[in-house]
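Peer 1: The structure follows.
The numbers here are math on the coordinates, done by the rules we state, and not lab data. Since this is a predicted model, take the numbers as computed values, not measurements. Note: ideal-geometry Cβ built from the backbone for every residue, glycine included; neighbour counts use all protein chains shown.
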Amino acid sequence: MLLHRLRSEGVMFSWWDELLSSIEAGIKAGIESGLQSIADTLAPLLQVPEPAAPFQRVALFRPGIDHPISGAGLKTEGAAWRIESHWPQTVPLFEMPEAHLWLEVPSAQAGDQLLLCRALVKTAALTEGAQLFLSRAQTFGWTFSRTVSLEGDRDWHICEVPFHLKPDPQTPGFIKIGVEFMGRGVIWLRDIELLHAPAKLTPITDVMDRLL
């Protein structure tokens, strides 16, 4: 009798545990699905937007004509800059006052803008990898950056780093271009361009409609 009762209670508790596990799994799946849906909806706002017009060149940096900020580990080799590093480090190359961009493209003060750093790059022996970066440093200390990983090969290829710029005429900053080493390696760069285009934004009303 007692054995039969324990067995019955064991079956009941097992069924109850399975029910709770099923409910918990359903809630978890629902939350994850909801969060993924929100993430998918907000993704266009978090990513760099598309250009609303063709990019136009603002600046072109070339060896023998333009001089990079950093000198350590950097030298001119043919028609390219060669940068060698033996440890993790950031190598600043060029910077431009944001106000200079406004002189070149007066419309860049109005609304969201896109910047694009484009360069011909080749690399060798990048044990830990490296990145090309484009950033905006504000006068009161904040720096916002976008990066692209540099591949470890000896063939010239084009690398592009887009940047979503939100102009603030009251506190103009500096646009900066450089490379970041994660370890040892060599990078060659040439024909470094800074380009500009107005940004094509997704209206916030469209995003809210998707959420609702």
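Peer 1: May I ask which of Lys122/Lys176; Lys176/Lys200; Lys75/Lys200 have a Cα-Cα span longer than 27 Å here? Present the calculation step by step, with values, prior to reporting the outcome.
Peer 2: Working: Lys122/Lys176 20 Å; Lys176/Lys200 23 Å; Lys75/Lys200 39 Å.
The pairs that break the limit, which is 27 Å between Cα atoms, are Lys75/Lys200.
Peer 1: Give, as a single signed number, the net charge of other residues whose beta carbon lies under 13 Å from the beta carbon of Asp168, with Lys and Arg counted +1 and Asp and Glu -1.
Peer 2: Once positives and negatives cancel, what remains is 0.
Peer 1: With r defined as the distance between the Cβ atoms of Glu50 and Asp153 and R0 fixed at 30 Å, what FRET efficiency is calculated, to the nearest 0.05? Walk me through the numbers on the way to the answer.
Peer 2: Details: r = 29 Å, r/R0 = 0.96.
About 0.55, to the nearest 0.05.
Peer 1: Taking amide H positions as placed 1.01 Å from N in the peptide plane, with prolines and chain starts having none, which residues 5 or more places from Arg184, or on another chain, fall under 5 Å of its amide H?
Peer 2: Residues meeting the criterion, in which the H sits 1.01 Å from N, are Thr127, Glu128.
Peer 1: Let me ask something else about it. With N set to the residue count of segment 51-200, report its C-alpha Rg divided by 2.2 N^0.38 Å to two decimal places.
Peer 2: It is 1.04.
Peer 1: Give me the net charge of Leu194's neighbourhood, meaning all other residues with Cβ under 14 Å from the Cβ of Leu194; Lys, Arg count +1, Asp, Glu -1. Mind showing how you got there, number by number?
Peer 2: Details: positive: Arg57, Arg62, Arg118, Arg136, Arg146, Lys176; negative: Asp66, Glu95, Glu98, Glu104, Glu160, Asp191, Glu193.
Once positives and negatives cancel, what remains is -1.
Peer 1: Mind listing the long-range amide H neighbours of Val91? Cut-off is under 5 Å, sequence gap 5 or more, other chains count too, H placed in the peptide plane at 1.01 Å from N.
Peer 2: Under 5 Å from the amide H of Val91: Val179, Glu180, Phe181.
Peer 1: Okay, moving on. Return the FRET efficiency for the residue pair Thr76, Met182: r is the Cβ-Cβ distance, R0 is 35 Å, and the value is rounded to the nearest 0.05.
Peer 2: E between Thr76 and Met182, to the nearest 0.05, is 0.90.
Peer 1: Considering only the other residues whose Cβ falls under 10 Å of the Cβ of Val58, what net charge follows from Lys and Arg at +1 and Asp and Glu at -1?
Peer 2: Every neighbour counted, the sum reads -1.
Peer 1: Within segment 143-185, which residues have the backbone N less than 13 Å from the label spot 7 Å out from Leu201 along Cα→beta-carbon, could you tell me?
Peer 2: Of the residues in segment 143-185, 164-168 have backbone N under 13 Å from the label point off Leu201.
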